[in-house]
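These notes are about the structure you will find just below.
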Amino acid sequence: MGINHLASYQTMGLGKEWSYTILACFACAAFLTLWTRKPLKSIPMPNGASVLWGHEKTVFDMSAGMAYAQWLKELNTSVLKIRGALGKPDLLVLADPFAVTYILQRRIYDYPHSEVVRPRIGRLLGKSLGWVEGEKEHKRMRQLVAASLSPEAIRNSAYNVHAAADTLQERLEAHLADKNGDNIINTIDWTNQATLDVIGRFAFTHDFGGGINQEAISILGAWRNMAKVGISRKGFLVLMVLRRFPFLNHLPLEALMAQGNVRSTIRDGIAKELIRRSQRLPGESTDDNSLLSRLVSAHQAQLISMDELMDHVSSETSSQTLGYALWELAKDPKRQSQLREECLAYSGHLSYDDSQTKLPYLDAVIREVVRLHPALAYMERVSVKEDVLPIRHPLQAPDGQELKNIKISAGQTIVIPIHAINRMDTIWGDGSVFRPERWLEDLPARDILFSGWSNVLSFSDGPRNCVGTRLALFQMKVLLMTLVRRFEFQDTGSVIINKIASSMQPTVQGKEELGPYLPVAVVTL
């Protein structure tokens, strides 16, 4: 077994010296875990844990989020524990609305990102809003960012989203008109380009050329390489080692370097130029209310450091959800036609205010896709102190007693399986089915729903929910509306397996070597 483990570590790009060091650490960690482990005694646990990988290899091997959904259903519970890899103490998995709301709304600053997640955010995005911890620091940073993502800011800058949508339509028309243009596209590539175009125009007053100029190619190429490495077996092995031994986070491993390359590509290239252009003399006024302009002003007023400023320019807005919307509609021609009919009946560009009320079926489609395909399959937090978690669904203790709360110790890793929670049949009845009409009907009883946006956790919940939710929803509506008006999307029959590399990444079964890939066929109308 030891030789096989050594070989596994060496496939990550580690030499024998580091491989033996990690094996020695694992042996010590396993001994200490067994010696000091304080099990979550009354918490059910699924069968099938591996001695080496616990349950975490199963989570990796199955389509993202599906292992948690399967275990929750098999055990008929909303709370369970799983064995951690490499001797890591058990992870607590919470799909109970009381417990999740307690953590995300009432005690979020006592539950920071885990020791493996926060360094990964730092490598990708630097010291931006997603990385910062602590109530004071987080509120300071969020206040700086939030004003540029308010309803008023989006309303006044909606033309930037429209411009990006028009560019996307023109480029796709040209691609399909080309005699050699393949009508099967990777939706992720196109939506990534469009989203980068939106964020460039909206937040940084910068034109990325529809997401295809050299700057955009470099940025999106770095993201794609990071995702491709992250969803590989090598990426899984690195993640498990770092979870167990966080002090190894600075090793020159390919998976870590790929994450760092995303940040450096932006910081060392376009970020410096954007900041230089946005700087102004003391007392000089400006009509530019973009996110970058506000952050530059904050830096000049010594409210944030240059590192923090640079890292906010490096932030990425996920576009996977829009790609999944096209994929779902391609598989459902009837609903696609219904959406197209509503969108064609609306004249001109979609305003921010009208996006809230005038197109109910478009709104329902977006809500349904956000529910089914969250950008994050799960979030991982760790308790900084002992706590008692309330639960809505009592657990049966081994002695027959009914437990209405869960006692946890400091350092307990907690997994909130967003993907599984959003699809729970106990809430939605047909949770895994794409059915936008559910949002036009009466919702399930409030006491069984979660409290995030639209009663799902795709944008998290509480003080650390996604600050860009409004912009994300508006741009998805505008882009999707633009596309379905002009094009018909058709199913290719590909079987999609979702993997995780920081965010959800679709892959085609049997073609995993292609990396993130979500194909649909497109016909110009």
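The values are calculated or read from the model by the stated rules, or taken from the named source; none is laboratory data. Remember, predicted model here, so these are calculated numbers, not experimental data. Quick reminder, even Gly has a Cβ in these numbers, built from the backbone with ideal geometry, and neighbours come from all protein chains shown.
For this structure, a couple of remarks:
- Selection status of Thr77, surrounded by fewer than 22 Cβ atoms within 10 Å (Cβ to Cβ) and under 24 Å from the mean Cα position of the chain (by Cα): no
- Residue selection: Gly65 satisfies the criterion of being of a type in the set (Gly, Ala, Ser), touching a His at 6+ places or on another chain (Cβ under 6 Å) and on the phi > 0 side of the Ramachandran plot.
- Count of residues meeting criterion [touching an Asp or Glu at 6+ places or on another chain (Cβ under 9 Å) and either under 15 Å from Ala194 (Cα atoms) or not in a helix (DSSP H, G or I) (or both)] in the range 130-159: 2
- When the residues of the range 486-519 are filtered to those that are in contact (Cβ under 8 Å) with a residue 24 or more places away in the chain and over 22 Å from the mean Cα position of the chain (by Cα), the one that is surrounded by the most Cβ atoms within 10 Å (Cβ to Cβ) is Phe489.
- For the range 339-347, the criterion of a residue being modelled with pLDDT of 95 or more, under 24 Å from the mean Cα position of the chain (by Cα) and under 30 Å from Glu488 (Cα atoms) is satisfied by no position.
- Scanning the range 349-383 for residues that are outside any helix (DSSP H, G or I) and under 16 Å from the mean Cα position of the chain (by Cα) returns His373, Pro374, Ala375, Leu376, Ala377, Tyr378, Met379, Glu380, Arg381.
- Cross-chain or 6+ apart pairs with Cβ under 9 Å, the range 64-89 first and in contact (Cβ under 8 Å) with a residue 12 or more places away in the chain and within 23 Å of Pro506 (Cβ to Cβ), then charged (D, E, K, R) and assigned to a strand (DSSP E or B): Ala64/Lys499
- Residue within the range 401-423 that is of a type in the set (Gly, Ala, Ser), buried (at least 20 other Cβ atoms within 10 Å of the Cβ) and assigned to a helix (DSSP H, G or I) present: yes
- Screening Ser409 on (1) touching an Asp or Glu at 6+ places or on another chain (Cβ under 9 Å); (2) polar (S, T, N, Q); (3) more than 30 Å from Glu115 (Cβ to Cβ) shows it passes everything except condition (3).
- Filter result for the condition that a residue is assigned to a loop (DSSP other than H, G, I, E, B), modelled with pLDDT of 95 or more and of a type in the set (Phe, Trp, Tyr), over Phe434, Phe450, Phe459: Phe434
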